[in-house]
Amino acid sequence: MTTSDINRTLVQNLIRSQFPEWSDLPIEKIAFEGWDNRTFRLGNHMLIRLPSAEAYAESVHKEQKWLPFLAPELSLEIPEPLGMGHPCDMYPWNWSIYKWIQGKSANLYTFNDEQLEIIAHQLSHFLKELHQIKIDRAPEPGPHNFFRGAHPSVYDKETRRAITNLKSFLDCERMIALWEKSLESRWHQPFVWIHGDLSAANIIIRENRLKAVIDFGGTGVGDPACDLSIAWTFFKNKSREVFKKNMDLDSNTWERARGWVLWKALVILESQVDKTSPEAKRNLKIVDDIVRTSLV
């Protein structure tokens, strides 16, 4: 199964086979979608998400189980599962149908400073709510969420390799020093719920306000540092400071957060053949922001 195989015809056949009550509804592919899933709109009020590879398929069961548990404790919308599709001859993994959430991903907007500050307040409030939800046999960091919530040292070898391979573009000694600083501490408090993949693409905006947080495939319990990466990848200027102040976490946690965003930016940059492409330039800017803005 390749991503090109996951098309509108396949989805129509899956709906006819497994959810015939919805077989008359129109199906439309979503133009902007994540890497982990292929996404389609079903009628006016539903969304279909199909994992693009086996590595992402385990998140289906997890979201189906835990999203209804988390939702009542959160003031923002999160995805509401309406049905789960099952493996068959047409498609080898479980897949999900969710309630459609009105709005657009934050990465499709351009915000002024005032708008970003408001979103920083809202997102920090959401994360603090998430951290306070009780833990009842919740999934700890592991392959199911690519070790989000674990210590950043889980990606030590990968990060050091990327730094070495990017020596023509970066100050390797500076990168190593920042990375090693991020590894010096650990989370000594009880685990908390984390989102696991908090990016601009996964926060939904409506009327310039944060209305929902989506894509909980990386959720689980652990160290919240990984969810702070958005301070560098989305916020800027005063909104970064607003987000940091409202989160009220210690400087060691922010050091580990910097490690998480450094790892991700470096490995993506390493994988890009054209280092002058817009995506490569974006990751170079993130690395530059990490160097200039410690937030610790």
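The values are calculated or read from the model by the stated rules, or taken from the named source; none is laboratory data. Since we're looking at a predicted model, the values are computed, not measured. Reconstructed Cβ throughout: ideal geometry from the backbone, glycine too, with neighbour counts over all protein chains shown.
Being in contact (Cβ under 8 Å) with a residue 24 or more places away in the chain, touching a Ser or Thr at 6+ places or on another chain (Cβ under 9 Å) and within 28 Å of residue 231 (Cβ to Cβ) narrows it down to one residue among 125, 131; which is it?
125
Residue 275 fails exactly one of the following numbered conditions: (1) in contact with a Phe, Trp or Tyr (Cβ under 9 Å, 6 or more places away or on another chain); (2) buried (at least 21 other Cβ atoms within 10 Å of the Cβ). What is the number of that condition?
(2)
If you go through region 235-293 one residue at a time, how many are modelled with pLDDT of 90 or more, farther than 21 Å from residue 150 by Cβ and either among the hydroxyl-bearing types (Ser, Thr, Tyr) or not assigned by TED's automatic domain parsing to the domain that holds residue 112 (or both)?
Count: 3.
Any residue in region 166-185 that is under 28 Å from residue 248 (Cβ atoms) and polar (S, T, N, Q)? Full working, then the answer.
We begin by selecting, within region 166-185, every residue under 28 Å from residue 248 (Cβ atoms); these are 177-185.
Pick out the ones that are also polar (S, T, N, Q) and you get 182, 185.
Yes.
Name the single residue that is nearest to residue 107 (Cα to Cα) among those in region 234-263 being buried (at least 16 other Cβ atoms within 10 Å of the Cβ) and small (Gly, Ala, Ser).
239
Pairs please, first residue from region 167-187 and closer than 17 Å to residue 151 by Cα, second anywhere and among the hydroxyl-bearing types (Ser, Thr, Tyr), Cβ atoms under 8 Å, 6+ apart in sequence or on different chains.
179/159; 183/153; 185/253; 187/253
Please specify each residue of region 157-188 satisfying the condition of being assigned to a loop (DSSP other than H, G, I, E, B), closer than 23 Å to residue 282 by Cα and among the basic types (Lys, Arg).
Looking only at region 157-188, we keep the residues that are assigned to a loop (DSSP other than H, G, I, E, B), and these are 166-171, 183-188.
This time we only want the ones that are closer than 23 Å to residue 282 by Cα, so: 166-171.
Listed by number, the list holds a single entry, 167.
With the structure loaded, tell me whether residue 225 is small (Gly, Ala, Ser), surrounded by fewer than 20 Cβ atoms within 10 Å (Cβ to Cβ), within 30 Å of residue 168 (Cβ to Cβ) and at pLDDT 95 or above or whether it fails that test.
no
Go through 138, 150, 120 for me and flag whichever is crowded, with 18+ Cβ neighbours inside 10 Å, in contact with a helix residue (DSSP H, G or I) (Cβ under 6 Å, 6 or more places away or on another chain) and of a type in the set (A, V, I, L, M).
Going through 138, 150, 120 in turn, the sole match is 120.
Would you confirm whether or not region 278-286 contains a residue that is touching a helix residue (DSSP H, G or I) at 6+ places or on another chain (Cβ under 7 Å), buried (at least 17 other Cβ atoms within 10 Å of the Cβ), touching a residue at least 24 places away in the same chain (Cβ under 8 Å) and among the polar types (S, T, N, Q)? Give the steps one after another, and end with the answer.
As a first pass, look at region 278-286 and keep what is touching a helix residue (DSSP H, G or I) at 6+ places or on another chain (Cβ under 7 Å): 280, 283-284, 286.
Now narrow it down to the ones that are buried (at least 17 other Cβ atoms within 10 Å of the Cβ): 280, 283-284, 286.
Now drop any that are not touching a residue at least 24 places away in the same chain (Cβ under 8 Å), which leaves 284, 286.
When the remaining residues are screened for being among the polar types (S, T, N, Q), the result is none.
For region 278-286, residues touching a helix residue (DSSP H, G or I) at 6+ places or on another chain (Cβ under 7 Å), buried (at least 17 other Cβ atoms within 10 Å of the Cβ), touching a residue at least 24 places away in the same chain (Cβ under 8 Å) and among the polar types (S, T, N, Q): absent.
Suppose we filter 208, 202, 165 for residues that are polar (S, T, N, Q) and touching a Gly at 6+ places or on another chain (Cβ under 8 Å); which single one remains?
Within the list 208, 202, 165, the selection yields 202.
In region 60-69, is there at least one residue being in the same structural domain as residue 260 (by TED's automatic domain parsing), among the basic types (Lys, Arg) and at pLDDT 95 or above?
no
Within the set of pairs 6+ apart or on separate chains, which have a first residue in region 45-56 that is within 16 Å of residue 10 (Cβ to Cβ), a second that is among the aliphatic types (A, V, I, L, M) and not in a helix (DSSP H, G or I), and C-beta atoms under 6 Å apart?
Every condition considered, the pairs that remain are 48/42; 48/97; 50/6.
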